[in-house]
Amino acid sequence: MSNFYQKLCDAIGAASVREQEPMSAHTTFRAGGPARYFVTPEGEKELAAVLAACREAEKAYYILGNGSNLLVSDAGYPGVMILLGSQFTEVVRPEGEPGVYELGAGVLLSRAAREAQKDGMTGFEFAAGIPGTVGGAVASLGVHSVCGGHERGRLRRRIKGCAGICARDDAGRRGKRA
């Protein structure tokens with residue numbers, strides 16, 4: 001057992017850390033070799049601890065959404081693959097704020113569209129057929145594209161887990177490359 005593996009286990013519990021996890025089980029293409037480390041932080045504090053451990057050990061990491069826009073080499077991924085846990089799939093409607101949603105980064109776009117439709121909201125119907133997550137959309141398309149440029153900072157802060165997903169290094173890349 002490596003020192004880094006032990007740090008991950010200490011940060012989020014051994015049950016949430018796996019080694020050599022086949023990525024074919026986590027992508028819609030059902031292809032891809034093993035991730036050296038595969039972790040599932042359940043909440044924001046655990047995600048922050050995983051990201052801190054990765055940065056401290058200079059380990060590459062990738063935050064996995066629904067696996068619908070991801071191809072992993074058959075050789076695998078040498079870093080840490082992060083699958084957001086259950087607290088990142090919550091949809092909250094703050095009381096007294098009609099039309100406002102607090103979405104976890106792991107919420108499927110189709111679910112977000114259904115929730116908006118239930119409340120009579122329009123303009124997000126296009127997302128019903130997209131198999132990705134809110135966090136994945138923000139990370140790949142950018143906050144500006146997802147919300148039409150309105151209240152970018154507010155949206156970014158209110159998507160649970162988005163701070164980690166949107167983190168960029170000095171060269172503007174998400175996460176740390178292998």
Q. Between residues in the stretch 1-13 that are over 13 Å from T40 (Cα atoms) and residues that are assigned to a helix (DSSP H, G or I), which pairs lie under 6 Å by C-beta distance while being six or more apart or on different chains?
A. F4/A57; K7/A53
**Q.** Single residue of the stretch 4-22 satisfying the filter (outside any loop (DSSP other than H, G, I, E, B) and either on the phi > 0 side of the Ramachandran plot or among the aromatic types (F, W, Y) (or both)) that is surrounded by the fewest Cβ atoms within 10 Å (Cβ to Cβ)
**A.** Q20
Q.
in contact (Cβ under 8 Å) with a residue 12 or more places away in the chain, under 16 Å from the mean Cα position of the chain (by Cα) and part of a strand (DSSP E or B): which single residue out of G67, G79 fits that description?
A. G79
Q.
Quick test for you: out of L47, L103, pick the one residue that is in contact with a helix residue (DSSP H, G or I) (Cβ under 7 Å, 6 or more places away or on another chain), buried (at least 22 other Cβ atoms within 10 Å of the Cβ) and either assigned to a helix (DSSP H, G or I) or free of Cβ contacts under 8 Å to residues at least 12 places away in the same chain (or both).
A. L47
(Q) Looking at M1 and the list (1) modelled with pLDDT under 95; (2) surrounded by fewer than 19 Cβ atoms within 10 Å (Cβ to Cβ); (3) within 19 Å of the chain's Cα centre (by Cα); (4) over 30 Å from G123 (Cβ atoms), which single condition is not satisfied? (A) (3)
Q.
I'd like to know if the stretch 23-40 contains one or more residues that are of a type in the set (S, T, N, Q) and either exposed (fewer than 15 other Cβ atoms within 10 Å of the Cβ) or farther than 25 Å from G132 by Cα (or both).
A. yes
Q. Pick from the stretch 50-77 the residues that are under 10 Å from K7 (Cβ atoms) and small (G, A, S): which of them is surrounded by the fewest Cβ atoms within 10 Å (Cβ to Cβ)?
A. A52
Q) Are any of the residues in the stretch 72-91 among the hydroxyl-bearing types (S, T, Y) and more than 30 Å from G120 (Cβ to Cβ)? A) yes
Q: Scan the stretch 106-128 residue by residue and report those that are surrounded by fewer than 14 Cβ atoms within 10 Å (Cβ to Cβ) and of a type in the set (V, I, T).
A: T122
Q: Mind listing whichever residues of the stretch 82-100 are buried (at least 19 other Cβ atoms within 10 Å of the Cβ) and part of a loop (DSSP other than H, G, I, E, B)?
A: L84, G85
Q: Being part of a loop (DSSP other than H, G, I, E, B) and of a type in the set (D, E, K, R) is the filter here, so list the residues in the stretch 54-64 that pass it.
A: E58, K59
(Q) If I ask for residues that are more than 19 Å from T40 (Cβ to Cβ), at pLDDT below 90 and not aliphatic (A, V, I, L, M), which ones from the stretch 68-112 would you list? (A) N69, R93, P94, E95, G96, E97, P98, G99, Y101, E102
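The values are calculated or read from the model by the stated rules, or taken from the named source; none is laboratory data. Bear in mind the structure is a predicted one, so any value in this text is a computation, not a measurement. Cβ: placed from backbone, ideal geometry, glycine included. Neighbour counts: every protein chain shown.
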